Amino acid sequence: MVLKPIAYIERHMRGMDYFVLWFGASISIAEIYAGNILVPLGWAAGLAAIILGHAIGNVPLALGGLIGSDKGLPTMYLLRPTFGKNGSYLATLLNILQLIGWTAIMLIICGKAVQTLLNFTGAGSTQLWIVISGAVCTAWALVGRSTFKWLQRLSIITLGALCAVMTVMLFLESGSVRTAGGGEPSLLTFGQGLDLCIAMPISWLPLVADYSRFASSKKGCFIGTYLGYFIGSSWMFALGLASGLILDKPEPIISFATLWFGVPALVIVLFSTFTTTFLDIYSSAVSSLNLSPRLRGSVSTAVAGGLGIAVALVLPIERYEDFLYTLGSFFIPLFGVVLTHYFFLDYDIESRKNIDWIALITWLLGVVFYQFCLRTGFIAGASLPSLIGTGLLFFVLKRIVGMRRG
């Protein structure tokens, strides 16, 4: 891998390619589990949080992709004009950490789900399936862009068909879903549920430009990214919510195993893990190029995959939702600054500054503000206020400094 803009003549990915890519990224057991967290809200409020949260969260995701398709560079390198070369390193390190964390989370969910489905035969173990699925995801990330594009298409056709059948069978199990939540309503507020739904698409924002830099059309990339992830993720969240309300089971995979044969469910678990997790592994390697452009892509990819497997073997998953909230607290304010800089200020990809203290301090204040909103149960949630608030603060400070220098 070489850290340079992708030449326009080499940008061959179209809008439909991005729809397939991000639809595939959203079809995962992790998204179904996240939707299951919304059960205390009940069906109406939970579905409202899903639709509204994804409608909001997919806007910055698609806008981040737009920057990548414009500049032809990966996400972490695009932080340099805003935070400076050295300033971008902190975000890069956090991004690599969260991508390895996401890899581990996905492999744990996959390993436990596969083992649950195979318990009837006693085959395998959770740890074994973590290693197997991790190895396949790493290989998927190593095959190259043209190959994984076709792998995604074939996998999505299969996954889409199986998930459609699963959805129909789930709702046939009951004529309607319970309108009341499962458990005490106070366990989860609407604002917290909304934040969870916003955080999921935004969790992909730190790597969206790693793929949008190959776009042949900025408009096609924007629309394909937005619709692909919005449709797929909303569907999976709703499926997780409905499974919890209809079947009243804490584990979605157990719900599905009670409805139909284990083999189709097994295919969904495995292939959804492959189509999602390889993105995390690949982007871990791409992000590392911002730290050292001389790193070999294949070696970095293999190392990222290996670390994800290792972490998955020891990481507990009991606090999965806390992991998502923590990600949101760092990366939502970060991109509030970046998006404001690109769309409203003097974003210059040729900038050679080492560090921009205004951007860095604004970002950290945004993290504090996010946590404050989250912990106090702010009625508007934490994600949207911190995204907009951080962007506004950065804009005002930059204007004030600009006027003083002028």
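Read-outs throughout are calculated quantities, based only on the coordinates presented, and are distinct from any laboratory measurement. Here the structure is a predicted model, which means the values were calculated and not measured. Backbone-built Cβ (ideal geometry, glycine too); neighbour counts: all protein chains shown.
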Note: residue 171 to residue 295 extended length (0.36 nm per residue) minus current alpha-carbon separation gives 39.7 nm
Taking Cα atoms only, helix 297-312 is inclined relative to the longest principal axis of the chain by an angle, in degrees rounded to 10, of 50 degrees
Relative to the chain, whose Cα atoms define the longest principal axis, helix 320-344 and its Cα axis are tilted in degrees, nearest 10, by 30 degrees
Magnitude of the Cβ-charge dipole (Lys and Arg +1, Asp and Glu -1) of the chain about the Cα centre, nearest 20 debye, reported as 1340 debye
The chain, Gaussian network, Cα under 10 Å: of 361, 105, 309, the residue fluctuating most is 361
Mean Cβ-within-10 Å packing, highest first, puts peptides 332-339, 33-40 in the order 332-339, 33-40
Helix-only [θ] at 222 nm, the chain, -39500 (n - 2.57) per DSSP H run of 4+, per residue, nearest 500, equals -25000 deg cm²/dmol
So the angle from the long Cα axis of helix 126-142 to the longest Cα principal axis of the chain, reported in degrees to the nearest 10, equals 40 degrees
Checked the range 275-406 against the a/c 1.5 cut and the a/b vs b/c comparison, axes a ≥ b ≥ c from its Cα gyration tensor; verdict oblate
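Starting with the highest mean, order 77-89, 228-240, 342-354 by the number of other Cβ atoms within 10 Å, averaged over the residues of each peptide.
Output ranking for 77-89, 228-240, 342-354: 228-240, 77-89, 342-354.
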Beyond 26 Å (Cα-Cα) in this structure, taken from 85/219; 218/353; 4/353, we find 85/219; 218/353
Summed over the other residues with a beta carbon less than 11 angstrom from that of residue 351, with K and R at +1 and D and E at -1, the charge totals 0
Mean Cβ-within-10 Å packing, highest first, puts peptides 382-392, 263-273 in the order 382-392, 263-273
Other residues with Cβ under 9 Å from the Cβ of residue 220 give, with Lys and Arg +1 and Asp and Glu -1, a net charge of +2
